[in-house]
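Okay, structure first, notes after.
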Amino acid sequence: MNLVDTHAHLDLLEGDLAETLERAGAAGVAGVVTIGIDVPSSRRAVELAHNFPQVRAVVGMHPHDAVYLDEAALHELRRLAGDERVVGIGETGLDFYRDLSPRGEQERAFRSLLDLARELSLPVVVHDREAHADTMRILEEYAPFDGLLVMHCFSGDLEMAHAVMDMGGYVSIAGPVTFKNARKLQDIVRELPLEKILIETDSPFLSPHPYRGKPNSPERLVLVAEKVAELKGIDVEDLALPDPFPLRES
């Protein structure tokens, strides 16, 4: 296998990161995209991408911290995004489950980072939790994306998944697809074309079965891949998925 973990938070993992990435590589995970959630973690993502050749960075501001996306923070994210190891903007979006930033501030930050992604022609990685209608309303204003949109840890319905595809986006599937009670998500995977599906771990969160509730790590992407292959009725060795995060030529 030659899998890419399209969404992980390597800076939040405990233990020796070199050993973690070595285990992932041995399991068949050839690349990891590490995601920023604020300015410090975005800086760290870029640092890790330079330290490990299999790692690429995405820089952004999580909706939880949207109130901190002021002009200085946006300027720093734009500067970081100019690095050749940065392959996307995010994560950004809306989180109406925790509401740790006011909803108006979340939308303001979301739009600012969508604008930045468009300006730089980079994919945008979108977090959407309990905010499907508002997330789609904003994304529709920016469509089409022509492959520059990733819906991280997709939790919507089949209609929403088709709408994302129609915009030119990808649907990213994480560990919950392996849960016994995830029938809706499993049905969505069965229906979607493989060329629109990505897989991720969201490490250290969302460990797949049978590790649910324990810290996640990139090597467990294989369990997500195996479940997706099972749902599509193919061998996991034949699972060929897109990679919307190519490194830019230096």
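Throughout, read-outs are computed from the coordinates displayed, never taken from laboratory work. None of these values were measured; they are calculated from a predicted model. For neighbour counting, all protein chains shown are included, and Cβ atoms are generated from backbone atoms with ideal geometry for every residue, glycine included.
Quick notes on this one:
- With eigenvalues of the C-alpha gyration tensor scaled by 5 and rooted, segment 10-148, Å: 26, 16, 15
- Global form of segment 3-238, assessed from the alpha-carbon gyration tensor, a/c cut-off 1.5: oblate
- Prolate/oblate/rounded label for segment 139-231 (Cα gyration tensor, a/c 1.5): prolate
- Alpha-carbon centroid distance for the pair segment 1-50 / segment 182-200, whole angstrom: 23 Å
- Electrostatic dipole magnitude of segment 3-238 [Cβ: Lys, Arg +1; Asp, Glu -1; Cα centre; debye, to 20]: 360 debye
- Each label point was placed 7 Å from the Cα along the Cα-to-Cβ direction; for residue 108 and residue 51 their separation is 3.4 nm.
- Under 13 Å from residue 232, Cα to Cα: aspartates and glutamates that are on another chain or at least 8 residues apart: 187, 191, 195
- The chain, relative contact order [Cα under 8 Å, separation at least 6], %: 19 percent
- A simple spin-label model places the labels of residue 240 and residue 130 4.2 nm from each other, with each point 7 Å out along Cα-to-Cβ.
- Within a straight-line Cα-Cα reach of under 26 Å, residue 214 can be paired with the following lysines, leaving aside sequence neighbours fewer than 8 residues apart in one chain: 180, 184, 227.
- Computed on segment 118-157, the Cα convex hull volume stands at 76 Å³ per residue.
- Here's the picture: charge each Lys and Arg Cβ at +1 and each Asp and Glu Cβ at -1 in the chain, and of 162, 123, 46 the one pushed furthest to the positive end of that dipole is 162.
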